[in-house]
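K.L.:
The structure under discussion is supplied below as structure tokens; questions concerning it will follow.
The values are calculated or read from the model by the stated rules, or taken from the named source; none is laboratory data. Given the structure is predicted, the values throughout are model-derived calculations rather than measurements. Reconstructed Cβ throughout: ideal geometry from the backbone, glycine too, with neighbour counts over all protein chains shown. Protein only, heavy atoms only, side chains kept; ligands, DNA and RNA dropped before computing areas. Shrake-Rupley method; radii C 1.70, N 1.55, O 1.52, S 1.80 Å.
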Amino acid sequence: MPAVVSYQPAFGALWPGWRTVGFVALLMGALFVAQLIVSITIIVTQFDAVDIMRSGSPAAVAGLAEFLKSPAGLARLVSPTNLFVLQLCSSGAVVVLALTLCRSIIGASPKNLGFGQPTTARTLVIGAAAGVALLLVSLLVESIQEALFGPHPQAIVAILEHHRGTLSFALDIVSVSVLAPIAEELLFRGVLFTALVQRLPLPWAAVISGCVFAGSHLEWWSILPLAILGIGLAYVYYHTRNLWANIATHGTINGISLIIAFAFPQFAGH
């Protein structure tokens with residue numbers, strides 16, 4: 001298949017089907033493998049896991065597992081520094097693989113993945129405004145869920161309660177409002193949604209990519225709000241044709257949520 005040379009996202013092209021499926025699987029696999037490797041490294045180096053395993057004590061191993069599932073253990077595992085390293089490695093793996101292999105695997109240039117359009121202040125303002133609107137919609141859905149099914153404490157709230165101070169906040173902002181949006185928008189909108197909208201009507205492509213986006217977070221209580229955010233982000237990308245607008249949208253959503261969690265942890269999640 002000849003390489004696509006347009007600077008527009010490749011909505012009107014037709015990437016090779018199975019190669020595109022493999023490309024998406026490769027990127028998602030790289031994301032999760034990088035997270036797994038970093039997480040294991042953190043556990044081994046910061047929790048004396050090797051000594052505990054060598055001790056051969058089932059009680060010690062079980063105790064470590066229980067501690068890692070507790071709020072204090074999660075907070076230590078996902079400290080601001082650890083979260084930054086986790087996001088840097090996993091997001092970096094996705095971005096590097098996507099931009100270096102897109103032409104050889106699916107015949108698309110990096111610009112066809114959403115980076116070809118000029119980005120202006122107006123583009124970023126539109127993206128940020130869309131982020132505020134989508135966040136309000138997701139909060140409304142979460143409120144309805146809570147009214148119907150009761151409160152549901154989220155692990156992220158317990159973690160963020162331990163992230164105090166300016167440095168912690170700065171690291172968290174970079175992690176969740178810069179690094180994560182770049183990688184996730186490139187994967188879920190630049191590649192996955194684009195491949196779907198080449199073959200399906202826009203609403204179906206947006207819904208499917210939004211559901212995959214939600215499921216990848218493994219937060220089952222939040223899957224509906226996340227799916228709605230994913231659908232909205234697909235429409236933002238389709239209408240702006242600019243992945244930086246999406247990154248601004250996604251970064252705004254995560255940034256405001258983080259500010260709320262830091263300033264008002266009692267309202268950050270239920």
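K.L.:
What is the residue count in region 100-124 for residues that are under 26 Å from Leu171 (Cα atoms) and in contact (Cβ under 8 Å) with a residue 60 or more places away in the chain?
P.N.:
Of the residues in region 100-124, 4 are under 26 Å from Leu171 (Cα atoms) and in contact (Cβ under 8 Å) with a residue 60 or more places away in the chain.
K.L.:
Examine region 135-157 for a residue that is charged (D, E, K, R) and closer than 19 Å to Tyr235 by Cβ, and state whether such a residue exists. Reasoning before the result, please.
P.N.:
Let us first name the residues in region 135-157 that are charged (D, E, K, R), namely 142, 146.
Of the ones still in play, those that are also closer than 19 Å to Tyr235 by Cβ are none.
No, there is no match, as no residue in region 135-157 is charged (D, E, K, R) and closer than 19 Å to Tyr235 by Cβ.
K.L.:
Can you tell me which residues in region 99-110 are buried (at least 22 other Cβ atoms within 10 Å of the Cβ) and assigned to a helix (DSSP H, G or I)? Give the derivation first.
P.N.:
Start the filter on region 99-110 by keeping residues that are buried (at least 22 other Cβ atoms within 10 Å of the Cβ), which leaves 102, 106, 108.
Matches in region 99-110: Cys102, Ile106.
K.L.:
Could you list, in sequence order, the residues of region 217-234 that are out of contact with any Gly (no Cβ under 9 Å at 6 or more places or on another chain) and surrounded by 21 or more Cβ atoms within 10 Å (Cβ to Cβ)?
P.N.:
Correct list: Pro225 only.
Residue-wise test of (1) of a type in the set (D, E, K, R); (2) under 19 Å from Leu88 (Cβ atoms); (3) modelled with pLDDT of 90 or more.
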residue: Pro118; (1), (2), (3): no, no, no
residue: Leu136; (1), (2), (3): no, no, yes
residue: Gly150; (1), (2), (3): no, no, no
residue: Pro153; (1), (2), (3): no, no, no
residue: Ala158; (1), (2), (3): no, no, no
residue: Glu161; (1), (2), (3): yes, no, no
residue: Asp172; (1), (2), (3): yes, yes, yes
residue: Ala180; (1), (2), (3): no, yes, yes
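K.L.:
Still on this structure, please answer the following. Quick one: which of Ala205, Ala214 is open to solvent by less than 50 Å² (accessible area, probe 1.4 Å), touching a helix residue (DSSP H, G or I) at 6+ places or on another chain (Cβ under 7 Å) and touching a residue at least 24 places away in the same chain (Cβ under 8 Å)? Steps first, please.
P.N.:
Numbers: Ala214 fails: touching a residue at least 24 places away in the same chain (Cβ under 8 Å).
Among Ala205, Ala214, only Ala205 is open to solvent by less than 50 Å² (accessible area, probe 1.4 Å), touching a helix residue (DSSP H, G or I) at 6+ places or on another chain (Cβ under 7 Å) and touching a residue at least 24 places away in the same chain (Cβ under 8 Å).
K.L.:
Still on this structure: How many of the residues in region 125-151 are open to solvent by 50 Å² or more (accessible area, probe 1.4 Å) and either closer than 17 Å to Thr249 by Cα or without any contact (Cβ under 8 Å) to a residue 24 or more places away in the chain (or both)? Steps first, answer last, please.
P.N.:
We begin by selecting, within region 125-151, every residue open to solvent by 50 Å² or more (accessible area, probe 1.4 Å); these are 125-126, 129, 132-133, 136-137, 139-140, 142-144, 146-149, 151.
With either closer than 17 Å to Thr249 by Cα or without any contact (Cβ under 8 Å) to a residue 24 or more places away in the chain (or both) added as a condition, the list becomes 125-126, 129, 132-133, 136-137, 139-140, 143-144, 147-149.
Selection size over region 125-151: 14.
K.L.:
Within region 101-117, how many residues are of a type in the set (S, T, N, Q) and out of contact with any helix residue (DSSP H, G or I) (no Cβ under 9 Å at 6 or more places or on another chain)? Walk me through it before giving the result.
P.N.:
In the first step, residues of region 101-117 are kept if they are of a type in the set (S, T, N, Q); the result is 104, 109, 112, 117.
If we keep only those that are out of contact with any helix residue (DSSP H, G or I) (no Cβ under 9 Å at 6 or more places or on another chain) too, we end up with 104.
Residues meeting the conditions: 1.
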